[in-house]
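The values are calculated or read from the model by the stated rules, or taken from the named source; none is laboratory data. Computed from a prediction, not measured in an experiment: that's the story for all the values here. Note: ideal-geometry Cβ built from the backbone for every residue, glycine included; neighbour counts use all protein chains shown.
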Amino acid sequence: MPKFASTDVLDGSLNIVRAATRMVALNGQPATYAAAESGRLAEAPLASADFTLAAGDVSGRKVSIAAKSGLAVIAPGTADHVALLDAATSRLLYVTTCPAQALVAGGTVSIAGWSVEIGAPA
């Protein structure tokens, strides 16, 4: 018998990701909201228009996060992770890796668009 998950179930998880109000570039994977907040090298505000729900590329569903360009570098370091934060509830919602890039304080950085995909049950 095949397995099944309703789109509502998959979108429910992705809607939590869509609650993010900030995207931050970091050196290393933060374990907590406080670590992401204190370790941010650059940041961008997020709004509901920055997220798009759609069918997954492989299966299931995905949420795409819009690219952000010209972000001010807050602190120098090598950005190799991107995290989504919900500032209203102090939650670290999602962390992913990104190509390592050396950042210089006072400079700018861009974060390419990316997505989070939840596959259909197999």
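Entry remark, the stretch 56-81: residues being in a strand (DSSP E or B) and closer than 12 Å to Ile118 by Cβ number 3 in total. Of all residues in the stretch 1-18, those that are in contact (Cβ under 8 Å) with a residue 24 or more places away in the chain have Cβ atoms under 7 Å from Cβ atoms of residues that are aromatic (Phe, Trp, Tyr), 6 or more apart or on another chain, in Val17/Tyr94; Arg18/Phe51. With the structure loaded, tell me whether Ser69 is touching a helix residue (DSSP H, G or I) at 6+ places or on another chain (Cβ under 7 Å), over 22 Å from Asp8 (Cβ atoms) and of a type in the set (Gly, Ala, Ser) or whether it fails that test. So Ser69 does not fit the description; no.
The lone criterion from (1) surrounded by 16 or more Cβ atoms within 10 Å (Cβ to Cβ); (2) touching a residue at least 60 places away in the same chain (Cβ under 8 Å); (3) in contact with a helix residue (DSSP H, G or I) (Cβ under 9 Å, 6 or more places away or on another chain) left unmet by Ala87 is number (1). Just checking, which of Val58, Val63, Val17 is within 30 Å of Ala122 (Cα to Cα), touching a helix residue (DSSP H, G or I) at 6+ places or on another chain (Cβ under 6 Å) and not small (Gly, Ala, Ser)? It is Val63. Among the residues in the stretch 85-95, are any more than 27 Å from Phe4 (Cβ to Cβ) and among the β-branched types (Val, Ile, Thr)? Looking through the stretch 85-95, at least one residue is more than 27 Å from Phe4 (Cβ to Cβ) and among the β-branched types (Val, Ile, Thr). Contact annotation: residue pairs with Cβ atoms under 6 Å, 6 or more positions apart or on different chains, pairing a residue in the stretch 27-51 that is under 18 Å from Val104 (Cα atoms) with a partner that is surrounded by fewer than 20 Cβ atoms within 10 Å (Cβ to Cβ) and among the polar types (S, T, N, Q), are Asn27/Thr78.
Take the conditions (1) at negative phi; (2) in contact (Cβ under 8 Å) with a residue 12 or more places away in the chain; Gly77 misses just one of them, which is (1).
Exactly one residue among Leu41, Leu53, Leu84, Leu93 is in a strand (DSSP E or B), farther than 30 Å from Ala120 by Cβ and either at pLDDT 95 or above or of a type in the set (D, E, K, R) (or both), and that residue is Leu41.
Every condition in (1) buried (at least 19 other Cβ atoms within 10 Å of the Cβ); (2) touching a Lys or Arg at 6+ places or on another chain (Cβ under 8 Å) holds for Tyr33 except the one numbered (1).
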